[in-house]
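Data first, discussion second: the structure below is written as structure tokens.
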Amino acid sequence: MPSSHVKVPHTAMVMAAGYGTRLRPYTNTVPKALVPVLGVPMLDVVLNRLQAVGVKRVVINLHHLGEKIREHLKDRRDLEILYSEESEILETGGGIVKALPLLGDEPFYAINAKIIWLNGRIDALERLAAGWDDARMDALLLLQPTVSAVGYDGKGDFTMDQEGRVRRRNSWAVAPFLYAGIQICHPRLFRDPPQGAFSTNVVWDRAIEEDRLFGLRHDGEWYHVSTPQHLADVERHLSFHGIKF
């Protein structure tokens, strides 16, 4: 459990609606969130991490093979689990907007169910909670150094100043940080949202303009699981280092 002086959000949103097309053939019959890493579904790893820091309620969005996620979690009792059904894919931003009535009025974690992370000295979720400043922030993103991300082959997403404010990378540059798929955000981040499906990038860009988007450098390891080759690489790396979930 986190230190007593850290106020951890009691609610989290876990993004699990996607098709996981790059991870086929696994995702032809299993939702991406249930694809196992070292024998443990990625969704279970995320939920276990949330429960360990004191989160009480989790909202999971569903679309592709969502009934299998419901079935998988039907006997879990250590978390209150609610579902936000999407008749069509709403992307990250639209998915959170649809779930806002279930998430409440306070800051909450939002996590992609396609990542694996290892904590540094202090739990990354606890570090985010300790770094949250409601007066200054609409969102606080966990950022992974681009050069040390396992299973990632992009150019990164952000630069970050000494106070933690983030900015988009220039189109021609490789950014030092990528979004690690974990954030704390306040419902006000999604005020006046676009209709239907949209990316969280839309509201992040507004928060950047208003100096209300911040980042926190992850001090542990981070793994992106998007393709069968990524999955094999990640499992090999974790096994070599004796990691178990």
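Give all pairs with beta carbons closer than 8 Å in which a residue from region 161-174 that is over 14 Å from Asn201 (Cβ atoms) meets a residue that is in a strand (DSSP E or B) and open to solvent by 70 Å² or more (accessible area, probe 1.4 Å); count only pairs at least 6 apart in sequence or on separate chains.
Sorted first by the residue in region 161-174, then by its partner, the pairs are Asp161/Arg167.
Name every residue in region 153-186 that is open to solvent by 10 Å² or more (accessible area, probe 1.4 Å), aliphatic (A, V, I, L, M) and under 24 Å from Val234 (Cα atoms), in order of residue number.
Val174
Filter region 219-230 down to residues that are outside any strand (DSSP E or B) and either free of Cβ contacts under 8 Å to residues at least 12 places away in the same chain or open to solvent by 10 Å² or more (accessible area, probe 1.4 Å) (or both), then give me how many there are. Before the answer, list the steps.
Taking region 219-230 and keeping what is outside any strand (DSSP E or B), we get 219-221, 225-230.
Remaining after also requiring either free of Cβ contacts under 8 Å to residues at least 12 places away in the same chain or open to solvent by 10 Å² or more (accessible area, probe 1.4 Å) (or both): 219-221, 227-230.
Qualifying residue count, region 219-230: 7.
If Glu163 satisfies every condition in (1) among the charged types (D, E, K, R); (2) assigned to a loop (DSSP other than H, G, I, E, B); (3) closer than 29 Å to Tyr19 by Cα but one, which is the exception?
(3)
Residue-wise test of (1) touching a strand residue (DSSP E or B) at 6+ places or on another chain (Cβ under 8 Å); (2) over 24 Å from Leu47 (Cα atoms); (3) modelled with pLDDT of 90 or more.
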{"site": "Asp123", "(1), (2), (3)": "no, no, yes"}
{"site": "Thr146", "(1), (2), (3)": "yes, yes, no"}
{"site": "Arg168", "(1), (2), (3)": "yes, yes, yes"}
{"site": "Leu189", "(1), (2), (3)": "yes, no, yes"}
{"site": "Pro193", "(1), (2), (3)": "no, yes, yes"}
{"site": "Gly196", "(1), (2), (3)": "no, yes, yes"}
{"site": "Asn201", "(1), (2), (3)": "no, yes, yes"}
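In region 207-218, what count of residues is obtained for those that are of a type in the set (D, E, K, R) and surrounded by 15 or more Cβ atoms within 10 Å (Cβ to Cβ)?
2
Any residue at all in region 57-75 that's more than 21 Å from Thr29 (Cα to Cα) and modelled with pLDDT under 95? Please lay out each step first, then the result.
Pass one, region 57-75, residues more than 21 Å from Thr29 (Cα to Cα): 57-59, 75.
Narrowing further to those that are modelled with pLDDT under 95: 75.
Taking every residue of region 57-75 in turn, at least one turns out to be more than 21 Å from Thr29 (Cα to Cα) and modelled with pLDDT under 95.
Residues of region 169-180 being of a type in the set (Ser, Thr, Tyr) and either at positive phi or in a loop (DSSP other than H, G, I, E, B) (or both), which ones? Let's see the steps before the verdict.
Initially, region 169-180 is screened for residues of a type in the set (Ser, Thr, Tyr), giving 171, 179.
Listed by number, the list holds a single entry, Ser171.
Hey, which of the strands (runs of 3 or more DSSP E) in region 2-103, taking only ones fully inside, have at least 2 residues that are in contact (Cβ under 8 Å) with a residue 12 or more places away in the chain and surrounded by fewer than 19 Cβ atoms within 10 Å (Cβ to Cβ)? Show your work before the answer.
Values: elements: 11-15, 57-62, 80-85.
Passing ranges, in order: 80-85.
Listed here are the residues, each with its yes/no results for (1) in a strand (DSSP E or B); (2) within 21 Å of Leu125 (Cα to Cα); (3) within 18 Å of the chain's Cα centre (by Cα); (4) basic (Lys, Arg).
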| position | (1), (2), (3), (4) |
| --- | --- |
| Lys155 | no, no, no, yes |
| Arg167 | yes, no, no, yes |
| Ile182 | yes, yes, yes, no |
| Leu189 | no, yes, yes, no |
| Asp192 | no, no, no, no |
| Gln195 | no, no, no, no |
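Just to be sure, is Gln195 without any contact (Cβ under 8 Å) to a residue 24 or more places away in the chain and either open to solvent by less than 50 Å² (accessible area, probe 1.4 Å) or closer than 24 Å to Glu86 by Cα (or both)?
On the way: without any contact (Cβ under 8 Å) to a residue 24 or more places away in the chain: yes; either open to solvent by less than 50 Å² (accessible area, probe 1.4 Å) or closer than 24 Å to Glu86 by Cα (or both): yes.
So Gln195 fits the description; yes.
Condition check: part of a helix (DSSP H, G or I), in contact (Cβ under 8 Å) with a residue 40 or more places away in the chain, buried (at least 16 other Cβ atoms within 10 Å of the Cβ) and touching a helix residue (DSSP H, G or I) at 6+ places or on another chain (Cβ under 8 Å). Does Val234 satisfy that? I'd like the intermediate steps shown before the answer.
Numbers: part of a helix (DSSP H, G or I): yes; in contact (Cβ under 8 Å) with a residue 40 or more places away in the chain: yes; buried (at least 16 other Cβ atoms within 10 Å of the Cβ): yes; touching a helix residue (DSSP H, G or I) at 6+ places or on another chain (Cβ under 8 Å): no.
In short, no.
The values are calculated or read from the model by the stated rules, or taken from the named source; none is laboratory data. These numbers were taken from a predicted model, which means no experiment stands behind them. Note: ideal-geometry Cβ built from the backbone for every residue, glycine included; neighbour counts use all protein chains shown. Please note that ligands, DNA and RNA were not included when accessible areas were found on the heavy atoms of the full protein model with its side chains. Shrake-Rupley method; radii C 1.70, N 1.55, O 1.52, S 1.80 Å.
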